[in-house]
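The values are calculated or read from the model by the stated rules, or taken from the named source; none is laboratory data. Everything numeric here is computed off the predicted structure, so don't read it as measured data. Here the Cβ positions follow ideal geometry from the backbone for every residue, glycine too, while neighbour counts run over all protein chains shown.
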Amino acid sequence: MRKPFTIAMVTVAVVVALPVLLLTTTTVVNLVATQSERASITAYGERVPVDGKEMNVVVSGDGPETIVLLPGLGTAAPARDFQPLIAGLDDTHRVIAVEPFGTGLSDQTDVPRTAENIVSEVHEAVHALGVDRYVLMGHSIAGIYALAYSAAYADELIAFVGIDSSVPQQPGGEEPIPTEGIGALRDLGILRALSWLSGEDPAPGVFDAATAEQMQLLSTQNGTAPTMLDEMAHAATNFSAVRDAEFPRTLPVLLFVADDNGDVEGWLDLHRSQAASVDQGRVVVLDGEHYLHHTQSPAIARETDGFLATVSAPAPAAK
């Protein structure tokens, strides 16, 4: 009579042990792979001091006007991500791609990822390069940060250019992004396993194989790291903080809007309203999805050049 009982106990032990063994394996593999991948990341750009840490920036071109690029939320390797756009702009402009803390090769930070803190840090990085007049150009949530930026440093801005940029009161903007448990899934190696199983190229045909590989390495390193998760956790309150904000009326604003962004109701109308709130505002609708700078960089560069050549930028405030 004991034999069936023994078999049952062994079966239960195996059923319990297999997931534990699997998670132990994925955890160890994740630790080893993370260290190996970190050593495989190729350095680029330059690091500037910001708030006692270092922020990575990439400077390209030497035109008379400077354009500062800011990434969207969740962009793990901003300077790499903006590579097609930088190539389109740096023949006529000096371009600075800023990698905020927690992205690219910049340091991590435990300073809360509020719009106010992010804006202050980016401003410090730009000034570390000796730049005090520039066009601010940003993708996605950078449109929210740009409102805070223009409120704090309006006298330094020549214009704002948005690349399918976020706008106040957009549907879903103030809804929390769930981040609970992501860190644990990362440490257990489950996210790495899921990424490996999916095998998806987030931007097929846009980047060469070497660049795509480096972007994937940085995505693995930064995508679920504490700084990035904290920025995601603050997204809803950052939207709320600028709910009724507008750009200074004298600041020229150019907004590129994707025609395939049906996830947000009234997306085009929201941008038209924002452009109408300033003296010199324009909306350009482009074919494509949210990451317009991957597929429409030539058009973005051409339209930006034309816009900046015709607008009258506000003069810097007297000091």
task: Kindly provide the set of residues from the range 81-133 that are buried (at least 24 other Cβ atoms within 10 Å of the Cβ), in contact with a Gly (Cβ under 6 Å, 6 or more places away or on another chain) and over 20 Å from Ala309 (Cα atoms), ordered by number.
output: none
message: So for the range 222-243 (the condition being touching a residue at least 24 places away in the same chain (Cβ under 8 Å) and over 20 Å from the mean Cα position of the chain (by Cα)), does at least one residue qualify?
response: yes
- request: Examine the range 101-110 for a residue that is in contact (Cβ under 8 Å) with a residue 60 or more places away in the chain and under 19 Å from Ser166 (Cβ atoms), and state whether such a residue exists.
  value: yes
message: Given (1) among the aliphatic types (A, V, I, L, M); (2) over 27 Å from Gln274 (Cβ atoms); (3) touching a strand residue (DSSP E or B) at 6+ places or on another chain (Cβ under 6 Å), identify the lone condition not met by Leu157.
response: (2)
- prompt: Of all the residues that make up the range 44-64, how many are modelled with pLDDT of 95 or more and either assigned to a loop (DSSP other than H, G, I, E, B) or among the hydroxyl-bearing types (Ser, Thr, Tyr) (or both)?
  reply: 6
message: Looking only at the range 100-149, how many residues end up being of a type outside the set (Asp, Glu) and part of a loop (DSSP other than H, G, I, E, B)?
response: 19
query: Within the set of pairs 6 or more residues apart or between chains, which connect a residue that is without any contact (Cβ under 8 Å) to a residue 60 or more places away in the chain inside the range 165-179 to a residue that is in a loop (DSSP other than H, G, I, E, B) and aliphatic (A, V, I, L, M) with Cβ atoms less than 9 Å apart?
result: Ile177/Leu73
task: Answer yes or no: is there a residue in the range 156-168 that is more than 23 Å from Asp81 (Cβ to Cβ) and surrounded by fewer than 16 Cβ atoms within 10 Å (Cβ to Cβ).
output: no
statement: For the range 205-228 the number of residues that are at pLDDT 90 or above, surrounded by fewer than 20 Cβ atoms within 10 Å (Cβ to Cβ) and either closer than 27 Å to Pro168 by Cα or of a type in the set (Gly, Ala, Ser) (or both) is 5
- line: Filtering the range 77-97 down to residues that are under 22 Å from Arg38 (Cβ atoms) and either part of a strand (DSSP E or B) or among the hydrophobic types (A, V, I, L, M, F, W, C) (or both) yields Ala77, Ala79, Ala97
query: Can you name the residue in the range 150-172 that is under 21 Å from the mean Cα position of the chain (by Cα) and in a strand (DSSP E or B) and, of all such residues, is nearest to Leu286 (Cα to Cα)?
result: Ile163
